[in-house]
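Enquirer: Got a structure for you, questions after.
The values are calculated or read from the model by the stated rules, or taken from the named source; none is laboratory data. Since we're looking at a predicted model, the values are computed, not measured. Don't worry about glycine lacking a Cβ; one is built from the backbone with ideal geometry, like all the others, and counts go over all protein chains shown.
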Amino acid sequence: MPPNSLDTNTIYNLDKVGGVKLTRPSIYVAACMLRAAVKTLAHVEDLAKELQALAAECLSLRAAAESTRPPGWDSDAFCIHLERASNGFLPRGAHAHSRVQVCHVIKDFQRDIMKSSLQSRLYKVISAGTPNPWPNFLNGRLHTLLGSAPHTPLHFLTDQGFASNCRKRGISSMMMVIKSWANAWATSDRLHEDLRLPCILGCCDSGAKDCLSHYLTCSVFWALLNSACRSPASRWDVSSQSKICLADPLPFDYQRLVCAFLVYHALKLGHRKEVESAIKADDFDRIHSLFLELSRFHASEHVLCQVV
Ligand SMILES: [Zn+2]
């Protein structure tokens, strides 16, 4: 994937848009600490109280009033962290909005009515409390891809059931869609290659570059792709935002975008010499034939249903 395609928040929230699910270390550590405070170590509140009493006795009045942290220590004693965790206060990095849900899980555990693993329940509720970063992230990306703000709001990304519907399309397919949203096609422009290619289909647009923002509007690209995918008439003349599945997408739109992703990369990476020869000779007949051949192959694999 080209550098800077995704940021940390979107990487650890790929599952919210149907991508791979990655364990976030900061949340995992928070869940471990909560589990230790509630289940593994006993009487952390007593230990914390004892330390606070000793602090009042041994530290200067001013220092004891501010903290139980001995002078020179980088952080509070472990039992103080555990005591806070047992009351639902999460370590730095885990999301503070999850505290109420964390307290519910702890109460369920203490009432002995929990059937699943305490730590996995805690991880789930803290993860669920993390705001979905995708609408904001994609608003920014669409400025690059479309040259303007999205014409249709991206509310559907946070709809209930959106992620599970996406997962039904398969993680590998959704990762291709997500890479398209993130402007992460391996174009010579995006990879800052020494040799920056023009449109590899040789369209007549003056200054057409080998970049995704061009391919979303390239008439040759979409004429060939729509023909190979047998796109319904209603899906031929649609906006770039629709083509990239960010304007009330239909199942067919996702399949066509996956096909576009695969065909572009098969052509640019698998037939690079032929592409460069075509650009040099300004003769793209062979490239167009290859594009159609590849499109028909991938369409037969991925455009399984044309539910529109
Ligand atoms: Zn073009």
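Enquirer: Which residues, counting only those in the range 188-231, are polar (S, T, N, Q) and within 12 Å of the ligand (Cβ to nearest atom)?
Expert: Ser206, Ser213, Thr217, Ser219
Enquirer: Determine whether Asp248 is in a helix (DSSP H, G or I), within 22 Å of Thr144 (Cβ to Cβ) and either within 16 Å of the ligand (Cβ to nearest atom) or of a type in the set (D, E, K, R) (or both). Spell out how you get there, then give the answer.
Expert: Values: in a helix (DSSP H, G or I): no; within 22 Å of Thr144 (Cβ to Cβ): yes; either within 16 Å of the ligand (Cβ to nearest atom) or of a type in the set (D, E, K, R) (or both): yes.
Taking the combined requirement at face value, the residue does not satisfy it.
Enquirer: Could you identify the single residue in Ile178, Ile171 that is surrounded by fewer than 20 Cβ atoms within 10 Å (Cβ to Cβ) and at pLDDT 85 or above?
Expert: One residue alone meets the criteria, Ile171.
Enquirer: Name the single residue that is nearest to the chain's Cα centre (by Cα) among those in the range 204-223 being closer than 12 Å to Tyr264 by Cα and part of a helix (DSSP H, G or I).
Expert: Leu212
Enquirer: OK, next. So, in the range 149-187, of the ones that are in a loop (DSSP other than H, G, I, E, B) and among the charged types (D, E, K, R), which residue ends up nearest to the ligand (Cβ to nearest atom)?
Expert: Going through the qualifying residues, I end up with Arg169.
Enquirer: Right, something else. Cβ contacts < 7 Å: first residue closer than 10 Å to Leu257 by Cα, restricted to the range 162-181; second residue assigned to a loop (DSSP other than H, G, I, E, B) and β-branched (Val, Ile, Thr), any location; separation 6+ or different chain. Result?
Expert: Close Cβ pairs (under 7 Å, with a partner that is assigned to a loop (DSSP other than H, G, I, E, B) and β-branched (Val, Ile, Thr)) amount to Ser180/Ile244.
Enquirer: Do you know which residues across the range 129-155 are at pLDDT below 85 and either surrounded by 15 or more Cβ atoms within 10 Å (Cβ to Cβ) or small (Gly, Ala, Ser) (or both)?
Expert: Gly129, Thr130, Gly147, Ser148, Ala149, Pro150, Leu154
Enquirer: In addition: Just to be sure I understand, how many residues within the range 1-54 are assigned to a helix (DSSP H, G or I), under 18 Å from Val102 (Cα atoms) and in contact (Cβ under 8 Å) with a residue 12 or more places away in the chain?
Expert: If we filter the range 1-54 for residues that are assigned to a helix (DSSP H, G or I), which is where we start, we get 8-11, 14-17, 25-40, 44-54.
Subsequent filtering for residues that are under 18 Å from Val102 (Cα atoms) retains 25-40, 44-45.
Right, trim to in contact (Cβ under 8 Å) with a residue 12 or more places away in the chain and you get 26-39, 44-45.
The total comes to 16.
Enquirer: Quick check on this structure: which one of Cys199, Cys166 is surrounded by 20 or more Cβ atoms within 10 Å (Cβ to Cβ) and farther than 21 Å from Leu6 by Cα?
Expert: Criteria check complete, one pass: Cys199.
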